[in-house]
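Participant: Can you read through this structure? Questions will come right after.
The values are calculated or read from the model by the stated rules, or taken from the named source; none is laboratory data. The model shown is predicted, which means the values in this text are computed figures rather than measured ones. In this analysis, Cβ positions are derived from the backbone assuming ideal geometry, glycine residues included, and neighbour counts consider all displayed protein chains. Only protein heavy atoms, including side chains, enter the accessible area calculation; ligands, DNA and RNA are left aside. Shrake-Rupley method; radii C 1.70, N 1.55, O 1.52, S 1.80 Å.
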Amino acid sequence: MSQRPDTLEHAPLGRESAYPEHYDAGLLYPIPRAANRTPLGIEEGKLPFVGEDEWHAFEVSWLNARGKPLVAVARFRLPAESPNLIESKSWKLYLNGFNQTRFDSREQVIEILERDLAQAAGAPVSVELFDVDDAALAVCRLPGECLDELDIEIDAYTPSAEHLKVGEEIVEETLYSHLLKSNCPVTGQPDWGSVLIRYRGPRLDRESLLRYLIGYRQHQDFHEHCVEHIFTDLMARAKPERLLVLARYVRRGGLDISPWRATPGERPPEPLRLARQ
């Protein structure tokens, strides 16, 4: 049985919570990233990567000045260098507080979201609001080659960098898998996702890479830290010149999270939203 981390002692995650009737910025619950980065050898203020946590919120609504409901899909981007991530259930409760709150304009909603989220994250957060039928939300497919048809034997379901094998040939390629699964660090609920790895460097053995990724199947951690774990393991074992690790997790409770971490100069493919999101 998992134990509740100290950083979540007062979080609403896993508890029965009444939905707020009105907007309340105090519902947002920040979690320091440093506690999970230290075991990976990442020193505070010395990140070995750049990146963002991209969130989509599909259940965003508020009232206009006349009391008429409006709906939107929100996209949030938190920088990886922010000292805090924001616990997802507190984020959902916070957004639900908008449902019966009146705002003068769409721009005011964006301004308030950016202000409150930046205060919780400890760094600027970008916010976009889309109409629910906006073409920018169209479903895409991951680029590159899929690993999932490899016929491999698996007997370990916790991540181990020892699984990763590397050749001598220098290549540049993009690989992905839809078999990523990790578990909530508190409730143990499954978090399903897809992961993309784009790199230039010594060739990664594909069977060993898939075996490594499947190793997260019983691992309990936040989405953001799973991606950082994968990034640091690949950098340590393969030492690529360039590396991008992007995970796109399945929506849960109206929110999906898609963290990416990369060597400086790398960016993820955009726009990109998968069918399971």
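Participant: Just give me the residues in segment 177-197 being under 20 Å from residue 208 (Cα atoms) and either among the small types (Gly, Ala, Ser) or touching a Cys at 6+ places or on another chain (Cβ under 6 Å) (or both), in sequence order.
Facilitator: The answer is 177, 182, 193, 194.
Participant: Among the listed residues 252, 261, 206, which satisfies the condition of being basic (Lys, Arg), farther than 18 Å from residue 41 by Cβ and under 14 Å from the mean Cα position of the chain (by Cα)?
Facilitator: Of the residues listed, the single one that is basic (Lys, Arg), farther than 18 Å from residue 41 by Cβ and under 14 Å from the mean Cα position of the chain (by Cα) is 252.
Participant: From (1) open to solvent by 20 Å² or more (accessible area, probe 1.4 Å); (2) more than 16 Å from the chain's Cα centre (by Cα), pick out the condition that doesn't hold for residue 123.
Facilitator: (1)
Participant: Here's something else I'd like to know. Here's a check for you: in segment 157-166, which residue that is part of a loop (DSSP other than H, G, I, E, B) and touching an Asp or Glu at 6+ places or on another chain (Cβ under 9 Å) is nearest to residue 74 (Cα to Cα)?
Facilitator: 159
Participant: Right, here's the next one. What residue, among those in segment 138-178 that are among the aliphatic types (A, V, I, L, M) and in contact with a Gly (Cβ under 9 Å, 6 or more places away or on another chain), is nearest to residue 275 (Cα to Cα)?
Facilitator: Among residues in segment 138-178 that are among the aliphatic types (A, V, I, L, M) and in contact with a Gly (Cβ under 9 Å, 6 or more places away or on another chain), the one nearest to residue 275 (Cα to Cα) is 175.
Participant: Now, a different point. For the subset of segment 104-156 comprising residues that are without any contact (Cβ under 8 Å) to a residue 12 or more places away in the chain and of a type in the set (A, V, I, L, M), which member is nearest to residue 78 (Cα to Cα)?
Facilitator: The extreme case among them is 118.
Participant: Out of all the residues in segment 173-184, is one or more within 23 Å of the chain's Cα centre (by Cα), closer than 17 Å to residue 268 by Cα and either among the β-branched types (Val, Ile, Thr) or modelled with pLDDT under 95 (or both)?
Facilitator: Yes, some residue in segment 173-184 is within 23 Å of the chain's Cα centre (by Cα), closer than 17 Å to residue 268 by Cα and either among the β-branched types (Val, Ile, Thr) or modelled with pLDDT under 95 (or both).
Participant: Okay, next question. Cβ-Cβ distance below 8 Å, separation of 6 or more or different chains: which pairs start in segment 56-76 with a residue that is more than 25 Å from residue 271 (Cβ to Cβ) and open to solvent by less than 60 Å² (accessible area, probe 1.4 Å) and end on one that is among the hydrophobic types (A, V, I, L, M, F, W, C) and assigned to a strand (DSSP E or B)?
Facilitator: Taking only residues 6 or more apart or on different chains, the pairs are 63/70; 64/70.
Participant: So, in segment 131-147, exactly how many residues are on the phi < 0 side of the Ramachandran plot and in contact with a Leu (Cβ under 6 Å, 6 or more places away or on another chain)?
Facilitator: 4
Participant: Can you name the residue in segment 185-223 that is under 19 Å from residue 269 (Cα atoms) and among the aliphatic types (A, V, I, L, M) and, of all such residues, is surrounded by the most Cβ atoms within 10 Å (Cβ to Cβ)?
Facilitator: 197
Participant: Let me ask you something else. I'd like to know if segment 95-108 contains one or more residues that are under 21 Å from the mean Cα position of the chain (by Cα) and farther than 21 Å from residue 226 by Cα.
Facilitator: Scanning segment 95-108 turns up at least one residue that is under 21 Å from the mean Cα position of the chain (by Cα) and farther than 21 Å from residue 226 by Cα.
Participant: Related question: Please work out which residue is least open to solvent (accessible area, probe 1.4 Å), limiting yourself to segment 132-168 and to residues that are of a type in the set (D, E, K, R) and in contact with a Ser or Thr (Cβ under 6 Å, 6 or more places away or on another chain).
Facilitator: 148
Participant: Of the residues that sit in segment 231-277 and are among the β-branched types (Val, Ile, Thr) and surrounded by fewer than 22 Cβ atoms within 10 Å (Cβ to Cβ), which one is farthest from residue 133 (Cα to Cα)?
Facilitator: Taking the candidates together, the pick is 232.
Participant: Looking only at segment 31-45, how many residues end up being under 24 Å from residue 112 (Cα atoms) and open to solvent by 50 Å² or more (accessible area, probe 1.4 Å)?
Facilitator: Adding up the residues that qualify gives 1.
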